[in-house]
1. Would you grab the residues whose amide H sits under 5 Å from the one on Gly232? Only those 5+ places off in sequence or on another chain, please, with H modelled 1.01 Å from N.
2. Which entry in [x] 1.70; [y] 1.03; [z] 1.11 is this structure's computed Rg/Rh (Cα atoms, Kirkwood Rh)?
3. For Met291 and Ile241 in one chain, what is 0.36 nm times their gap in residues minus the Cα-Cα distance, to one decimal in nm?
4. Per 0.36 nm of contour for each residue apart, how much would the distance between Glu274 and Glu108 grow if the chain were fully extended, relative to their Cα-Cα spacing?
5. If you count only protein heavy atoms with a 1.4 Å probe, what accessible area per residue comes out for the stretch 110-208, rounded to a whole Å²?
6. Quick one: length gained pulling Ser36 to Glu319 fully straight, 0.36 nm per residue minus the C-alpha distance?
7. Assuming R0 = 51 Å, what is the FRET efficiency of Ala253 and Asp148, from their Cβ-Cβ distance, to the nearest 0.05?
8. Over the chain, with every protein chain in place, what whole percent of the accessible area is carbon and sulfur at 1.4 Å, could you tell me?
Amino acid sequence: MDISVISSFFPFLLVGLGIIFLMVFFYYVPFFLWLSAKVSGVKISLIQLFLMRIRNVPPFTIVPAMIEAHKAGLNTITRDELEAHYMAGGHVERVVHALVSASKANIELSFQMATGIDLAGRDVFEAVQMSVNPKVIDTPPVAAVAKDGIQLIAKARVTVRANIRQLVGGAGEDTILARVGEGIVSSIGSSENHKSVLENPDSISKLVLRKGLDAGTAFEILSIDIADIDIGKNIGASLQIDQANADKNIAQAKAEERRAMAVALEQEMKAKAEEARANVIQAEAEVPRAMAEAFRNGNLGIMDYYRMKNIQADTSMRECIANPDGESIGHEPIGK
């Protein structure tokens with residue numbers, strides 16, 4: 001390539017290199033940010049800004065936060081503290097906003113407490129806002145049964161204010177809702193009848209507030225208002241019906257058991273009677289054989305045999321007298 005051509009492009013090359021140098025310089029040494037800090041009264045040097053870039057700490061996050069804190073009169077917050085909080089994974093802007101808001105609202109909040117709340121995963125700025133402007137939480141429908149067995153379905157509105165000192169380690173909204181629901185169930189369950197609850201719904205909120213449900217939580221309960229109460233099912237009557245049905249089923253089962261036992265006993269008695277009848281028939285069948293054996297052995301004489309026949313005839317006559325329509329063995333019917 002011709003030297004004259006190279007020399008013609010040389011000024012453009014210098015300009016390009018100069019632009020790249022300025023971009024790199026102003027990236028690592030944000031001069032205009034330093035100038036903004038100086039104008040705002042924040043003491044910080046260009047070397048400190050350069051070292052922030054080396055430590056991978058964005059100056060455009062730390063310096064505006066320092067300016068905001070300085071303008072709000074929070075001169076105790078240092079650059080090192082903000083950098084340490086950023087490198088710990090915290091939200092510097094959110095913490096500074098919260099400190100400024102707390103200072104203006106006369107809420108006691110230190111930098112250590114604010115950073116601790118932020119690193120714990122809670123929105124410290126939202127907590128300060130909730131301390132100034134309380135939040136209303138609507139509870140889901142809570143069903144409870146009074147002593148007369150009538151079910152009531154209540155809805156409540158809980159007004160809470162953030163408790164800054166309890167944000168770290170304190171329970172959240174779910175715990176508040178669970179405790180309020182438990183208090184509503186306990187209050188309705190201790191009522192003699194559902195009508196007294198419908199007449200004085202504020203008795204529920206008064207009883208629930210006296211329980212101190214906000215203990216150990218990140219909130220302070222200011223008020224509990226009953227928004228709506230509806231009448232549900234007659235649980236007492238349903239339980240009585242279920243109990244009556246259960247008693248009826250038990251009685252039917254016991255009656256069926258007794259009937260089955262009676263049938264079994266009857267069958268057993270019939271079987272015993274049949275067995276006894278069979279034994280009698282078998283014994284009668286042995287009588288002629290026994291008489292023959294007695295004749296052969298000489299244990300039965302002819303007179304004994306005729307005497308037995310006379311007895312049988314007398315027995316037959318008595319049967320005919322007892323049964324006029326019948327016939328005796330070997331005789332004419334009586335009366336003919």
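The values are calculated or read from the model by the stated rules, or taken from the named source; none is laboratory data. Just so it is clear, the structure is predicted and the values come from calculations on it, not from any experiment. Cβ coordinates were reconstructed from backbone atoms using ideal geometry, including for glycine residues, and neighbour counts include every protein chain displayed. Remember, those area values only see protein heavy atoms, side chains included, never the ligands or the DNA or RNA. Shrake-Rupley method; radii C 1.70, N 1.55, O 1.52, S 1.80 Å.
1. The answer is Gln151, Leu152, Ile153.
2. [x]
3. Residue separation times 0.36 nm, minus the Cα-Cα distance, leaves 10.5 nm.
4. 49.5 nm
5. Averaged over the residues of the stretch 110-208, the accessible area is 48 Å².
6. Roughly 87.6 nm would be gained on extension.
7. The formula returns an efficiency of 0.95 here.
8. Carbon with sulfur: 58 percent of the solvent-accessible area.
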